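Single-structure report; data block below.
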Amino acid sequence: MIMGRPELLLAVLIVEAALGYPEWLLARVGHPVMWVGRMIAAMERRWNRAPHARTAGTVVAFALVITGVTAGLLIEWLASGWGGTIAIILIATTGLAQRSLHDHVVAVIRPLKAGDAVAARIALSGIVGRDTAALEDPGMVAAATETLAESFCDGIVAPAFWLLVLGLPGLFAFKCISTADSMIGHLDVRYRQFGWASARLDDALNWLPARLAGGLICLCAGKGWRIMWRDSGKHLSPNAGWPESAMAGALGVKLGGGAAYDGEWIARQTLGHGPPPNGTDLNRAMAIYRRACVLLWLVVGGIAWLL
């Protein structure tokens, strides 16, 4: 129903940014991403066994795609009339994260500003995959800045793209794979084989959205293009480097570098040049993020007007 209808996507973006996911609903039934996460965790515990971990992980990845597509098709089939359209708009907001990402990063900024490193680490651990227990303030600022940039693609641009292209089936399939990638698509020993297929599918689904996200960040900052083109390929991910290097260039700071995941140190190249980001830079990144979200609305609105 939303497939090919940018005016409805614009409504989804605006409603999600304004309302987010209701706290009372989260407390009562959780969030759809949490449901998918529990399913992935259960399958990982049961089937992540050598020597067939990669095969099992591939089956899991395609099962997740089928689940997402089936759920989306069923909801669109059941929806009808204006009531169905409104219901689909509200359901689609659960696949976007403008408000959630904003609020989660603010939850890191506030304790950092107050000097409460423990609270900042706890808040940060909810939005990053790396180990946070040993991070000091500079490391937490860098991690939050990188996650803000990468999640602008993963949590906003990419789901909006697939919602427009393939409707709810595309959105749900993308969210299932994106959730799997965030949980098991790591390079450490435990997940390297089992999460391989989910990571590769996520790479494919994010290929174009990542480049669009990087461009939106650069447009909103008025700079960052040179660093994005130069450093995007340095990232271990073929996609995350685009929004992250765009943000590094926009802020004039250095992002990336090695980090620990599940106790294992993963070497990574740095993106950008200059000093590591500080608290002021993280606030600047938030301002760029807000403008990029609004610019995305304008782009979608422009497409709706042209069509």
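The values are calculated or read from the model by the stated rules, or taken from the named source; none is laboratory data. Worth saying up front: this structure is predicted, and the values here are computed from it rather than measured. Note that each Cβ is placed from the backbone with ideal geometry, even for glycine, and that neighbours are counted across all protein chains shown.
Laid out as a table, the results:
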| item | result |
| --- | --- |
| Any hit, segment 264-274, residues being modelled with pLDDT of 95 or more and either buried (at least 24 other Cβ atoms within 10 Å of the Cβ) or touching a Cys at 6+ places or on another chain (Cβ under 7 Å) (or both) | yes |
| Candidates A248, A260, A221, filtered to the one that is over 19 Å from T179 (Cα atoms) and modelled with pLDDT under 95 | A260 |
| In segment 25-38, residue surrounded by the most Cβ atoms within 10 Å (Cβ to Cβ) [restricted to those that are small (G, A, S) and assigned to a helix (DSSP H, G or I)] | G37 |
| Criterion violated by L236 - all others in (1) in a helix (DSSP H, G or I); (2) surrounded by fewer than 24 Cβ atoms within 10 Å (Cβ to Cβ); (3) under 17 Å from the mean Cα position of the chain (by Cα) satisfied | (1) |
| Contacts under 7 angstrom Cβ, first residue in segment 27-40 being on the phi < 0 side of the Ramachandran plot, partner assigned to a loop (DSSP other than H, G, I, E, B) and surrounded by 13 or more Cβ atoms within 10 Å (Cβ to Cβ), 6 or more apart | H31/Y21 |
| Inter-residue pairs, beta-carbon under 7 Å, first surrounded by 20 or more Cβ atoms within 10 Å (Cβ to Cβ) and in segment 183-200, second among the acidic types (D, E) and not in a loop (DSSP other than H, G, I, E, B), 6+ apart | I184/E44; G185/D202; F194/E44; S198/D181; A199/D181 |
| Spans of helices (runs of 4 or more DSSP H) in segment 39-147 with at least 3 residues among the β-branched types (V, I, T) and more than 19 Å from the chain's Cα centre (by Cα) | 53-78, 81-92 |
| Lone qualifier among G222, G256 - being in contact with a Leu (Cβ under 7 Å, 6 or more places away or on another chain) and either polar (S, T, N, Q) or surrounded by fewer than 24 Cβ atoms within 10 Å (Cβ to Cβ) (or both) | G256 |
| Extreme residue, nearest to D154 (Cα to Cα), among residues of segment 243-265 that are not hydrophobic (A, V, I, L, M, F, W, C) and not in a loop (DSSP other than H, G, I, E, B) | P243 |
